[in-house]
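Some notes on the structure that comes next.
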Amino acid sequence: MSSEIPVLRFANGWAKDNSLPSVGDSVVCVFMGSGVGSGYCLGSFYRSGDSVPGNSDQFGVYFDDGSSFLYDRSKKSFVIVGDLEVSGEIKQGDSS
């Protein structure tokens, strides 16, 4: 336990993410030696016994309500489980 410390992010430049660890998640932190308030949260990790969703060909985000979106590189496809709302035009690429 510590006071609030910065969390390393996946992206924080031209693209940003907002996937902070949830209360109760296991995380790895590093502290600078000047107290528990002086450090960084490096991120969360899977504990033994946790099932890892998907497979090694998939990159995805999985939610506790069963919704998910993933990219499967072996199939070159995106899969979305849940409702989808699109703002903007959906364009069909060149099929050649």
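Taking Gly43, Gly60, Gly33 in turn, the Gaussian network model of the chain (Cα-Cα springs below 10 Å) assigns the largest fluctuation to Gly33.
Which of Leu84, Leu42, Leu20 moves most in a GNM of the chain, Cα contacts under 10 Å? Between Leu84, Leu42, Leu20, it is Leu84 that shows the largest mean-square fluctuation. Computed from backbone phi with θ = phi - 60° and the Karplus coefficients 6.51, -1.76 and 1.60, the 3J(HN,Hα) list for segment 87-94 is 10, x, 8, 9, 10, 8, x, 5 Hz; x is used for glycine and proline.
Classify segment 1-50 from the C-alpha gyration tensor, please: rounded if a/c falls under 1.5, else prolate or oblate depending on whether a/b exceeds b/c.
Details: a/c = 2.15, a/b = 1.08, b/c = 1.99.
It comes out oblate by the Cα gyration axes.
The label-point distance for Val61 and Val27, in a model that sets each label 7 Å from Cα toward Cβ, rounds to 1.8 nm.
At an R0 of 25 angstrom, the distance between the Cβ atoms of Asn18 and Lys75 translates into a FRET efficiency of 0.35. Would you mind telling me which residue in Val86, Val52, Val30 has the biggest mean-square fluctuation in a Gaussian network model of the chain, where springs connect alpha carbons within a distance under 10 angstrom? Among Val86, Val52, Val30, the largest mean-square fluctuation in the Gaussian network model of the chain belongs to Val86.
Shape of the chain from its Cα gyration tensor (a ≥ b ≥ c, root eigenvalues): rounded if a/c is under 1.5, otherwise prolate when a/b > b/c, or oblate?
Numbers: a/c = 2.59, a/b = 1.93, b/c = 1.34.
Cα axes put the chain in the prolate bin.
Listed by chain and number, the lysines whose C-alpha is less than 19 Å from the C-alpha of Lys91, apart from same-chain residues fewer than 8 away, are Lys76.
None of the figures in this text is laboratory data; all of them are computed from the coordinates on show. Everything quoted here is computed from the prediction, not taken from an experiment. Cβ: placed from backbone, ideal geometry, glycine included. Neighbour counts: every protein chain shown.
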